[in-house]
Each structure stands twice: as C-alpha cells, then as structure tokens.
Ligand SMILES: Nc1ncnc2c1ncn2[C@@H]1O[C@H](COP(=O)(O)OP(=O)(O)OP(=O)(O)O)[C@@H](O)[C@H]1O
Ligand SMILES: Nc1ncnc2c1ncn2[C@@H]1O[C@H](COP(=O)(O)OP(=O)(O)OP(=O)(O)O)[C@@H](O)[C@H]1O
Ligand SMILES: [Mg+2]
Ligand SMILES: [Mg+2]
C-alpha cells in the first residue's frame, strides 16, 4: 500500500484547491438566493387554495426530485438557449455560471418549497388568530408572528438543503466551470491520474470542513432565532 | 352594547350555529355553558371574525355589520373593540410576556412604544405578573401563560373581552389563580362573554348564564335560576353531568 | 399485598421522592392527592420500574426486591403483576382497540391468540366499548381511549392497577364515563392505586387517601377524615384550593 | 486573427468562433499551471487561428461530454478532444479533409508480458484491460478491433477517466494491461522525477497503433472547416505539427505516418 | 436528432435498470437496520458508538458521493491486498466484480442518511408508547418490533422515499466504477456515433420513469401503513 500512497500529495493539494472554494461558494450562494425566492412561490402555490396551482407545484417538485442533477444541467445548458431562441434571445455567449446557477436554483427551489411549506404548517394556527385578534393586519400577523417562528423550524432543513447544494454543485465541472471539484480533476489529470486518492482525500477534507462550518453556523442561527422556544418539560 | 342577531354557520354539510341571538349590555358578565360540540367556540370566533359566519348581524353600539359581507375595515374596527382569550393561551411564542401584551398596541394601534410599555406593565401587574415581564411563554406555567393572555386582552382596553374556556387547559391547582384574575377584572366593570365549565365562576360572577346545545340557545337567565331551577330537560341533564354529584342539592 | 419502603428518587440534583412508604392490601383502593410536582407520578413510575428508584424496597406478596438493583427478570415479574393506566392514555397508535388490549397477553404472556381475543373482548365489553373492537385510537374520543387504556390494564388481570390522573386530560363531560368505569372495577374488588384530583371519586370509592407534598407523604387516612378534618396545615391549604369553594363545608 | 481584432460587430469580416477543448486530457489538451489552455490539439488550433484572419478563436475548456453535445448543438463551432474518425460520427459532425494530429496508443503491461505486442496477442492471452472512458478515443480503437475480430475479443470495459491510474493498476495486478498514450507513460515512469520512476523495471509500454485525430466541426460550419483545411495544410508544410508532437508527446509521431492505417 | 438511435438507446439504458435497482436494494437492506441501530445509539447516548455515529454521519453527509466513490474505489483494493498478503489469503482482490464496490459505497452512504432519518423519526414517537409497552409486559425487543418500529416507519417513510430516489439517481455515478448501469450503457452506445443528445434524453427519461414509479409505490405503501392515522386529525 505504501508503494502507491504518499501523504505529501495530500498537503500539496490543499493550496492548489483552496482558491477554488470561492467558485463553489459563488455557485451555491447565487443558487440559494434565487432558489429560495422560487421556493417561496412554489410553497405558496402548494399551501394556497388554487387546485391548478397546487397540481403544477406538485408536478414540478416530483419532476425535479426525479431528475439527476447532471441531466438537469444539460437540459438547462442546451434546452434554455434553444427555448430562448424562439423568443429571439441569443444566449450562446452567456457565461456558463448563468446556466449552472439556473440549474441549481431550479433544484434548490424544489427542496425549499417543501421546507417552507412544512415550516409554515408547523406553526399553530392559533398564533395567527391571536395576532389578528389583538388588531394586527393579516400581513403584520405573518411578518411579526408567523414567519419568525416558521424560520426557526425551517432553519435545520434549510441547512441540510444547502449542504446538498454545495455537494451537487461539484457537477458544475461537467460543463467546464472549474470549482474545487473541477480543480481536483485537473490536478489529477495533470499527473496522468497518478496519486488520485491523495487528491481526493484532500478534496473530501475541504468539503467536510465546509459542511461542518455550515452546520455550526446554522446551529448558532437556530439558537439565536429560537429565543422563547426553549421548551421546559412538564410531566 | 353588543347585539348579535341570527348567526348561522356551517362547516361543509354540518350546521354548527343555527340562528343564535345574544344581547350583552355594558358591564355584563355573560357565561355560556353547553356540551362539547354545541358551538360555543364557534360562536365566539364568529363574533371576532376568526370564522366567517354565513348569516347574521352584529350591532356594536354605533356600528352595524352584516357578518358575512363585512368589509376589511369593518372587521378591523370590530376587532379593535373586542379582545379574545384563547383556551390554549396562544401567546406569541417568539415574544416575551410584555411584548405579547404590547404587540397589539404598538403594531395594531400605533401607540408609541414607551406608552405601550407603560400600559403593558400595568396590565401584567394587574394579573400578578410584575416579575415576569421578560419571560418567554415557554418559561411560564400554564396559569401564568393564561394570565398573560388575559393581560394582553385587558391592555387593549376593548369594549368586550371574549373568553373561550380560559381554564380548561390548566392543572386543577392553577385554575384558581386565573379565575381570581377574571373575577377582579369583572369587578372593574369590564364587559365579558365567557365560555367555561367552572360553575362556581358562573354562579359568583356572571349576571347571566346562557345554555347552548346543538347550535342554539336553549335557555338563559340569572345563574341562580339556571342552576337551581333549570326549565329545559336538556339543561337539567347537562348540569347533572357537569356538577359535582351532590353539589346541585346544596346550592 | 404490596408494601413499599423508603423509596428515594432524584433527577440530577433534585430529590423528588424523599423516602416514601406505602402499604396496600388486597382489594384496597388508595387515592394519592397532592400538588403538582409533589412526586405522585414519579412514585407510580418507580413502582412499575418505568423509572429506576435510587433506593427502596418493594414487597410484592412473595417477591421482595431492592428497587435499584432489581434484575431484568424481577422487573419482568413485577410488571406482570401490575398494570398502568396513563394520564394521556398512551394507547398503541398502530393497533386497534382490541389489539391494544391483547398485545400484552399474546406477546408478553404468550396467551394463545383466540383466548387472548376472548379476554380482550370481555374487558372492552366491561368498559362499554363492545362496538369499538376494531377502531384505532385516532378514531376514538378521549374518554373512549382512556376506557381502552383501562381495559388493557384489566385484561392483564394484574394484582394491582396503577392509575396516573386517568381523567385529567379529558373534557369535563367525558370525565364521568371514565370514573364510572373505574368505580365498577373497584367494586369488583380490584386493588387500585390512583393518583387523581377527582375528590368525589376519592370520597366515594377510596378506602384510603394519601396526601403527598414535596416528595413525602404528609398525611393519610380514610377519605372522610382527610377531607372534613385534615390535620396538617399543608393538606388544608391544598384542599381549599382544589375543592369547589363551598364544597368543603357541605360534606 | 488575433486578440487585437476588434470585437466590434460592425466589423463583420472577423468572425468569433468558439473552440471547445477537453480541459482534462493532458497532454492533448489541458490547462497549464496558470489556467491557460494548452496541449497538442490546442496549440495546433492556436496556430490555425494565426493563419485565419477572418476568424477569431475563443478557447473554451470543458468536459468531453459537454464538448460533444455543444459542438453538435452549435454552442461551440469546433471541438478538439483527440477524436478519431468513425463513419457514424460523420452524420453528427463535419470531419475536415485534414487531420489535426496523430495519437499513439500502446499497452501498458507487466514486464513478464513483454511479448504482447498487439491487441490480438492481448486478446489471445485472455488478459484483462483497465476500463476506458466511453467517450475516449482509445475506447473506440478497442471497440473497433473487437468488431473486426468477433472471435478474439479484448475484454473491454467502459469506465471513468479519473478513476483509472493505468500504471498503478497494471503494476498492482488489478488489471493485466491498460491503454495509454506514449507521452504520459514516459513522464510517469521513465522520467527521473516521475511518480512511478521506481517502477521502470516492472512495467513496459508496447505501442500497437498510431491513429489520426480530428477536430469536430458543427454541421453548419463547412466554410469554417474548409478554411481550417487550408491553414492546416500550410502548417503541415511548415512541419509545425512535428514540432508540437515532439513537444507534447516526446516523439515525432509523423515519422511513422505511412504506417498509420486510419 | 436521430430518432432510431433515441428509441434503441432508450432500451439500452433501460437494460441498466436492474443494476441500478440491485445496488439500491442491497444498500437499503444494509442501511435500514444498521441506520436504525446506530440511530438508537445516538438517542440512547451510548458513549463510544454515538460519537462514532456522529463523526461518520458528519463525514458522509459532508462530502459528495462521487468523491466517496473515488476514495473507496482506489483505496479498498490496496487495503485488501495488504491484508491478504499479511494473512496469506490466496485470493485475487481484483477478481472482485466492481458491483461490490458499489454495494460498499452506497451502503456506507445510505446508512449515514438513514441514521439521521431514524433519529428524527424515533423522536416523534412519544416515550409513552414505549412505557405502555413495558407496562403490559413486553420486553425491550418486543416493544421495539411491535410498537415502536411500525410507528417510526410511518413517519420516516417520506424521508426514506426521498433517500431512495436520491440513491437511485446516485447510482448513475457508478460509471466511475465501470458499473454497467443506466448512464454508462447509454453513453457507451452514444460513443460510436457521438449521439450524446439522444443518450442524455434517454437517461433523463429512464430516471424520470423509474424514480416516479418508486415514489408512487412509496406513497401507496405509506397510505397502507398509516391507516391507523387517517381517522381524524
Ligand atoms: N374548522 C372547522 N371545520 C369543520 N368543523 C368544525 C370546525 N370547527 C369546529 N367544527 C365542528 O363544529 C362543532 C362545534 O364546535 P365548537 O368548537 O364550536 O364546539 P364547542 O361548543 O366549543 O365544544 P367544546 O366544548 O368541545 O370546545 C364541532 O362538532 C366541531 O367538530
Ligand atoms: N425525567 C425527569 N427528569 C427530570 N425531572 C423530572 C423528571 N420527571 C419528573 N421530574 C420532576 O420531578 C418533579 C415531580 O414530578 P411528578 O411528575 O412526579 O409530579 P406529580 O406530583 O405527578 O405532578 P403533576 O400533578 O403535575 O403530575 C417535578 O418537579 C418534575 O419537574
Ligand atoms: Mg370549544
Ligand atoms: Mg403527575
């Protein structure tokens, strides 16, 4: 085993990989932003009374759940320009990042729709009723009473989805965007595939650290936002 | 002061309220009794527009609204004149006791913050929670939570406070403290419409008891009359089951 | 038949039971009263090994166990001799009423299925649920659920049934049906240890009332004595708060 | 053209085209330490660009799959990825008249299998072969050999390019042989600083074919392909490909051009 | 677009479904019980095991599957050889069918996900259920098997469904281990004529059909399992 394994390749990989974490974060950050917005719309469609809207939202969520990310990526990367052409838009010179962000936004939205819906529904209806009964408008009741509580419920699931997104984001490499995963592939190719294991170990450590940091951040956020929620058990 | 006429309300096929009329004068304490499912909660919720009635009018001093077609503005005005105390408290979980009380004042009524805090503290003092301004609901016992609920209603200085079984979610021992608070408020002349199973409260505090069954008012009158001399068979049956077995004979 | 000696139990720093002794004879109905947090539930749970006591002995007719070091087998034997009725029913959500009752017989005691069904149906008949054999808990009212809970305990034919506030999670109207069932069982000579706030039940059915506070037994005796002539100050205070205001004077 | 050409649209003479290349296929096409595209195929195309004033090349690094999809759809006008010629592929892409380069293919073997010189020997001996990415040209060579010799097939498995470290796999015995091009083998095993220099007496390289490689043009790009032909012809006259071959493959493959069958 | 190829390759891709399913099923068979047990160690806070489970879950959930595949695929054989050599086991590690690596990777991966799913599902079943089971004389194992697990399964099922669908999709990464599954078969077919557009459309269709079907089956099963819940809210 020692014949093929040389830990110095692990150390050597870190400085080469780390600069590309930026790209990974860029993809994730933008996708979270747009995905969450779309997720809100989808959740609203699912919660609302309009049957057609609900059907559409459900179909969307099922379809996206069932499509491997890489396939979705190609569908967006090639399908979208083809669609846009029908409207006289030329997307051929648009940056790859654009398509990647769209792909992962679409996917993230499907996950978020469920996260948002279940968080919203976990808040007792009485909270809203109490708010309007003390004279708040519907909007004020949502903004001040319902949403802050739903946020706390949603946070852990939101964190999980974010972790998924960061990992899936590694596929961006397939259409040539070089993020931390892509860089690892380049390093390995540069060595004609020798000592790939060491590079992948370095890569996995980077991903792991990122995920631990994100987990911790969300844990802290949850604590901050959940003031008043610490449940005292009564038997 | 509040007059309700002919409220009807169905959920799907089920007609829950079948034409309820109710008249409450300023300073009245009216207790509604009735078996589970008779529509007591629904009646209160319709009055506060938490449920939209299918039919009926509410006459609120100067304002007269058709419950079904009331405009947003009318609803808002009536909600300003009423306050609701919920069975399971429904305190805002993400707000402290004081914030719970001031939320409606600051956001709903645009009372300046300092003034609202003043009013809120007074209300909490009144229910004996001077020590708990900054406690979150999860840090309070059931009885304390319900007292915050009452303070929240009182602070709004409404024309009438609606209570929906305010003590039924409480440990037997905690019931007393909440009833005491309610009695004190009643003594101050607050108009109250109370759904409760606490017979002693009804007897001591109410000036009118209303017995509901099957979505209708079966019988109403002063507490002594209703308890010691109910006219309707249904009322008798109900009281027999709810009162301590021998209690009824001693009154 | 059951003798308990010197039970101690702490949760972390909190000593909840500070040496409780209790003697129950065959056919006894013992009611435990006491304020919230006084350790009533904990006592019952220790007897059934749902909580492991830190100290103390239980003497169960022929078996004598040290509660802390009891072996798995001893625990099993004692559990076979006791049954527990929970405050919030704790019916098996994934089983029908009949399956709830037969589960312990078939799986725990290896009673043949047909025989177990026989026993189970009888127990359910006894609590007035002949119509509900195949209903799931979610399809039953609270009162019905608790009656299944009682049937489940009865079917095991235990030496003693432990009740932990069996009616306190129920609508006031449903309390009666459960108490009636309990009375009937008591009449049949079942030994019962009951934590409850239902004074009328204690007075009518119990042959001994135990008043607990702060993890200790403060006072015990026949119900008449305890209710009309409590000796300890703490007992008096407690009864004052729990009994309907004027009730105490009429007994 | 070159970078000085204005990107002004009104200057309709200069056309911008996208040249896709497989960015992880050293030494054919790859990104150097500074992230700049290079490799035999890329450098050839750069020189073609020099000779075509009407065109301005933009090099786009990507994966092999995307390159094939992108050129077919017209996202890229041309792509280079060490592609071989097959009849079926001409339905999807324009193959120009002039090939771009030569690629050597050889078997990496254990010393004891030194005498295996061809795919036929390899197949006859019943040896196992390291998996090859399905979109890799080497896969095509073996596949075609198998089609032609249905009774003496090489055990061919498709896999992924990144997982297979041919030299290591052969040496440790995970497989009996692997297909490689010559340059990388030299740099890994024969070079004093290569990661597997210590194995230089244990594994050997037996070339079995040299094959022409082609750029793939989008179907609408016939004119562009013609222009390319002109340029490459010139380059070949100037022996430019020979230099690049030496530089990237460590050997002038054009020396054996006459033996190249396809 | 080459429609004949599109249709032909659809069936080629379809022929990879059994491979994908076998990997999925084996992984689930291993991950479900193992995940449940490890979830119990975390809930009951069993000292060393729960720590192990925690780190394990954190690592697996923190790294992309493809990286895990690469690591297992390149390190396990090395590891095994050195063990075989040490103990003079005369067995060629490299005769192992790559599907075994897939079983290892995806089982490891799915187990981590199951731990999390069961952990939250178990906590939704009230402790009273267990206590009631004890009080009628069931043993620990009996209580788990007859009362707790059936209820845990119902709450966990939607999440298990999601995990299964994700697992099926993830088997497409098996190409990295030369697994003859859906994606690889389609891509091999595409290589001859570079018909990648058609191949990806076929891959898309096969996964869409397969995963929707699995999702549908889970929903039906969930309905059956949760019949005790439907009565009223
Ligand atoms: N949102 C709703 N949708 C459908 N049915 C409802 C709804 N709210 C209440 N009901 C039904 O209306 C009936 C009356 O309910 P209501 O809560 O008014 O009774 P109640 O007199 O307050 O009873 P309780 O003493 O149990 O609180 C019940 O049968 C209930 O099931
Ligand atoms: N598992 C536990 N961990 C820590 N503290 C506990 C636990 N169970 C009970 N306690 C504490 O023990 C004390 C006594 O509880 P117990 O439930 O026995 O009281 P009780 O007399 O039954 O009260 P109630 O009438 O409210 O049911 C309470 O202060 C409670 O907070
Ligand atoms: Mg009600
Ligand atoms: Mg208790």
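Could you grab me the full set of residues in the range C:112-158 that are part of a loop (DSSP other than H, G, I, E, B) and surrounded by fewer than 18 Cβ atoms within 10 Å (Cβ to Cβ)?
The answer is C:112, C:128, C:133, C:134, C:141, C:157.
Out of the residues in the range E:86-103 that are within 11 Å of chain D (Cβ to nearest Cβ) and part of a helix (DSSP H, G or I), state the one that is farthest from residue D:174 (Cα to Cα).
E:101
State all residues of the range E:32-58 that are free of Cβ contacts under 8 Å to residues at least 40 places away in the same chain and within 14 Å of chain A (Cβ to nearest Cβ); if no residue qualifies, say none.
E:54, E:55, E:58
Taking only the range A:139-166 into account, find how many residues are closer than 17 Å to residue A:22 by Cβ and at the interface with another protein chain (Cβ under 9 Å from one of its Cβ atoms). Steps first, please.
Of the range A:139-166, the ones closer than 17 Å to residue A:22 by Cβ are A:162, A:165-166.
Among the residues that remain, those that are also at the interface with another protein chain (Cβ under 9 Å from one of its Cβ atoms) are: A:166.
Residues flagged as closer than 17 Å to residue A:22 by Cβ and at the interface with another protein chain (Cβ under 9 Å from one of its Cβ atoms) within the range A:139-166 amount to 1.
Is there a residue being under 30 Å from residue D:73 (Cβ atoms) and not in a helix (DSSP H, G or I) anywhere in the range E:182-199? It would help to see each step written out before you state the result.
Quick first cut of the range E:182-199, residues under 30 Å from residue D:73 (Cβ atoms) only: E:182-199.
Filter again for not in a helix (DSSP H, G or I), leaving E:194-195.
Checking the range E:182-199: at least one residue is under 30 Å from residue D:73 (Cβ atoms) and not in a helix (DSSP H, G or I).
List the helices (runs of 4 or more DSSP H) that sit entirely inside the range A:1-95 and contain at least 2 residues that are at pLDDT 85 or above and exposed (fewer than 15 other Cβ atoms within 10 Å of the Cβ).
So the answer is A:8-17, A:21-47, A:51-65.
Applying the selection to the range C:1-21, what residues are farther than 10 Å from residue C:39 by Cα and either within 14 Å of another protein chain (Cβ to nearest Cβ) or within 16 Å of ligand 1 (Cβ to nearest atom) (or both)?
Passing the criteria: C:11, C:12, C:14.
Is it true that some residue in the range E:2-9 is in contact with a helix residue (DSSP H, G or I) (Cβ under 9 Å, 6 or more places away or on another chain) and not in a helix (DSSP H, G or I)?
Looking for residues that are in contact with a helix residue (DSSP H, G or I) (Cβ under 9 Å, 6 or more places away or on another chain) and not in a helix (DSSP H, G or I), one finds at least one in the range E:2-9, hence yes.
Just to be sure I understand the filter: pairs with C-beta atoms under 8 Å, separated by 6 or more residues or on different chains, first member in the range C:23-43 and on the phi > 0 side of the Ramachandran plot, second member in a loop (DSSP other than H, G, I, E, B) and within 16 Å of ligand 4 (Cβ to nearest atom). Which pairs pass?
Pairs that qualify, where the first residue is on the phi > 0 side of the Ramachandran plot and the partner is in a loop (DSSP other than H, G, I, E, B) and within 16 Å of ligand 4 (Cβ to nearest atom), are C:39/C:214; C:39/C:215.
Name every residue in the range C:176-202 that is within 16 Å of ligand 2 (Cβ to nearest atom) and either within 14 Å of chain B (Cβ to nearest Cβ) or within 22 Å of residue C:118 (Cα to Cα) (or both), in order of residue number.
Correct list: C:195, C:196, C:197, C:198, C:199, C:201, C:202.
Strands (runs of 3 or more DSSP E) wholly in the range B:46-111 with at least 2 residues that are within 11 Å of another protein chain (Cβ to nearest Cβ) - which ones?
B:82-85
Taking the condition of being away from ligand 4 (no atom under 16 Å from the Cβ), more than 13 Å from residue B:198 (Cα to Cα) and at the interface with another protein chain (Cβ under 9 Å from one of its Cβ atoms), how many residues in the range B:159-175 meet it?
Number of matching residues: 1.
Mind checking which residues of the range B:165-215 are under 20 Å from residue B:240 (Cα atoms), touching a strand residue (DSSP E or B) at 6+ places or on another chain (Cβ under 6 Å) and in a helix (DSSP H, G or I)?
Scanning the range B:165-215 gives a single hit, B:202.
Determine the pairs where a residue that is facing chain A (nearest Cβ under 8 Å) and touching a residue at least 60 places away in the same chain (Cβ under 8 Å), located within the range D:54-75, has a partner that is crowded, with 23+ Cβ neighbours inside 10 Å and part of a helix (DSSP H, G or I) with Cβ atoms under 7 Å apart, the partner being 6 or more residues away or on another chain.
From the range D:54-75, the pairs are D:65/E:196.
Taking the condition over 30 Å from residue D:188 (Cα atoms) and touching a residue at least 12 places away in the same chain (Cβ under 8 Å), does residue A:184 pass?
Considered against the rule, which asks whether it is over 30 Å from residue D:188 (Cα atoms) and touching a residue at least 12 places away in the same chain (Cβ under 8 Å), residue A:184 comes out as no.
Could you say which residue among D:154, D:164, D:170, D:189 is surrounded by 20 or more Cβ atoms within 10 Å (Cβ to Cβ), more than 14 Å from chain E (Cβ to nearest Cβ) and closer than 24 Å to residue E:98 by Cβ? Walk me through it before giving the result.
Working: D:164 fails: more than 14 Å from chain E (Cβ to nearest Cβ); D:170 fails: more than 14 Å from chain E (Cβ to nearest Cβ); D:189 fails: closer than 24 Å to residue E:98 by Cβ.
None of the other options fit; the residue is D:154.
Condition first: closer than 19 Å to residue B:223 by Cα and assigned to a helix (DSSP H, G or I). Now tell me which residues in the range B:1-45 satisfy that. Write out each step before concluding.
First pass over the range B:1-45, keeping only residues closer than 19 Å to residue B:223 by Cα: B:21-35, B:40.
Listed by number, the list holds a single entry, B:40.
Has the range B:131-144 got any residue that is in contact with a strand residue (DSSP E or B) (Cβ under 6 Å, 6 or more places away or on another chain) and either more than 11 Å from chain A (Cβ to nearest Cβ) or within 16 Å of ligand 3 (Cβ to nearest atom) (or both)?
no
The values are calculated or read from the model by the stated rules, or taken from the named source; none is laboratory data. This one's a predicted model, so the numbers in the text were calculated from it and none came from an experiment. So basically every Cβ, Gly included, is an ideal-geometry build from the backbone, and we count neighbours across all protein chains shown.
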